[in-house]
Amino acid sequence: MPSRILSTLFLGFAVTLASAQQPEQQPSPSTGSQPGYTLSTGVRIVLTDVTVTDAKGNVVHGIPASAFHISDDNKPQTIKSFAEFNAAPTQISGLPAPASGVYSNEYLKHLPPVLNVIVLDSSRLDMMDQMYLRYELHAFLRQLAPDQPFAIYARSGDTNILVQNFTADHALLAAAIDKSLPHMRVLGADFMTSTSTLKQIALQLAQVPGRKNVLWFAGRRTESVVPDPTERDCAGEDCYRKIYNELQTARIAIYPIDARGINLHAANHIRMTEAAEATGGLAFFNNNDLDRITSHIIATDNSFYTLTYVPENFRPDLKWHKVHVTLDIPGYFLSYRTGYFADNDTASAQPNTTLAKAEPASLPADFRSAPILFSASVVPAVAAAPGPDGPFVALKVSAETPSKGSVPYVIRYTLPPDSFVTHDENGVSSASFDVAVLAFDQNGEKVAVKGDQVSARFPQNDPHQPIKIEQTINLKPGDLYLYVAVWDSANGRVGTLQIPATVPRLPKLKN
């Protein structure tokens, strides 16, 4: 499979997952579990999360639905559903123990309705600013509640890297911060754009249901999303229509934070404020108390109101629709997504339309479905010995000839058979699907790529037995991050994992 196709798969997933809530018509604080994945059909439903704060930045609770008013392109809309969310920190179950070596995306079924993500973007930060940011984040960890999970991504080069998946383990979070900061700036960092960072954030979090609050620590920013894209003079991609759709579909609110502390770069502050206003977040700059800023966001971003409405006479004309929310109560500040593009690229939250009721043939090609849940491990080819449960009886796909300076590794997949479209022939069920892996170094540079098509037959005596696959790939020595994926083009379903791997250097041969 060509490298270009695989790169597009990982960094260009047109993943349009929608998490559907069925809120009450009257506001009531909710701490509900993560909503399921749904398939939207027929009617466009616009979901808007609104955070209400007072003059001191404190979240305001208990506002009734009757106090909210929402308009679409200046046309008043009827609020179809309304709920107040005031989610307490929740531990995430389903994450594998770090020592097990087996990684799984099973945790996607056990997530709280709101998640926090920290992005450490050092691409435009000098060494002193990175050191200070590292110090402030450790200060934040020391007073963080023990049950507050979040994930950490880092960017110093072209690619965002998942350094630590969602966890409340302070030791793991501290280690991720130390691994990410400080970091030498890579060649070409000045040409990296804020739009590419946001696009990667949206795509990497697209399979995670619910609202995601992204705390984006960085230095100088380039122009990205703005509250009203029709006011900018731009060319190509319909004024960044795709990135707006991806951020909306993934339900991401951006909280840009200037990691340089006190800095009087007005143009940078404007770009930060625009990105925050466009996505329903808040921007923070000219403040050296980065630990307090982080603590404040974490303490307040779990509280918001969710409103939905159905635009009257909706037409997918690709035009920008302005969303405006007001309150009958004066003196409060509202943060919410300021609009959407009227097209069919973005899934909407629609109650009572579940994937369980959808036939595979009816699924759109752009993957509006639940992810494939699977597990995988990465082991040296020479160490692929039987595990505690006996030999890893697997279907091996395309062995790879070791290349000079590289180390052969094996990716071991364990896949649920009911995730794939099966074909019956002569009483034997089979399925065809694809598996792939991309490897990146600490600078976000791609160092290896491998993709294979798999044809698997299911035992007649046990058709529900997990599918086990071994895929070989040559990896260069060093600390690497592997993006592993499996997808079935017949039903549009995809599953992804991000796995860290430390590849030792090969010993030099003696003459």
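The values are calculated or read from the model by the stated rules, or taken from the named source; none is laboratory data. These figures come from a predicted structure and were not determined experimentally. Note that we place each Cβ from the backbone using ideal geometry, even for glycine, and neighbour counts take in every protein chain shown. The accessibility values were calculated without ligands, DNA or RNA, using every heavy atom of the protein model including side chains. Shrake-Rupley method; radii C 1.70, N 1.55, O 1.52, S 1.80 Å.
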Note, T496: beta-carbon cut-off 14 Å, +1 each Lys/Arg, -1 each Asp/Glu, net -2
Whole-percent carbon and sulfur contribution to the accessible surface of the stretch 97-249 (1.4 Å, no ligands, DNA or RNA) stands at 57
Here, the stretch 88-224 modelled as identical Cα point scatterers in vacuum has Debye log10 I(q)/I(0) at q = 0.15, 0.19 Å⁻¹ of -0.76, -1.17
Residue separation between A67 and L318 times 0.36 nm, minus their alpha-carbon distance, gives in nm 87.3 nm
Note to self: C-alpha centroids of the stretch 247-262 and the stretch 139-215 sit apart, in Å, by 11
A 1.4 Å probe over the protein heavy atoms gives the stretch 455-509 a carbon and sulfur accessible-area percentage of 51
Plugging the Cβ-Cβ distance of S432 and D479 into 1/(1 + (r/R0)^6) at R0 = 45 Å yields, to the nearest 0.05, a FRET efficiency of 0.85
Nearest-0.05 FRET efficiency for A145 and N287 at R0 = 30 Å, using Cβ-Cβ distance, is 0.85
Averaged per residue, the 1.4 Å probe accessible area of the stretch 146-280, protein heavy atoms only, in Å², is roughly 34
Output ordering of 137-146, 118-127 (per-residue mean of other Cβ within 10 Å, highest first) is 118-127, 137-146
Phi angles of the stretch 328-337, converted by Karplus (6.51 cos²θ - 1.76 cosθ + 1.60, θ = phi - 60°) into ³J(HN,Hα) in whole Hz with x for Gly and Pro, give 5, 8, x, x, 10, 10, 10, 10, 6, 5
Of 72-84, 444-456, 198-210, ordering from highest average Cβ density within 10 Å down gives 198-210, 444-456, 72-84
In nm, the gap between the two label points placed 7 Å beyond Cα toward Cβ at T401 and N86 is 6.7
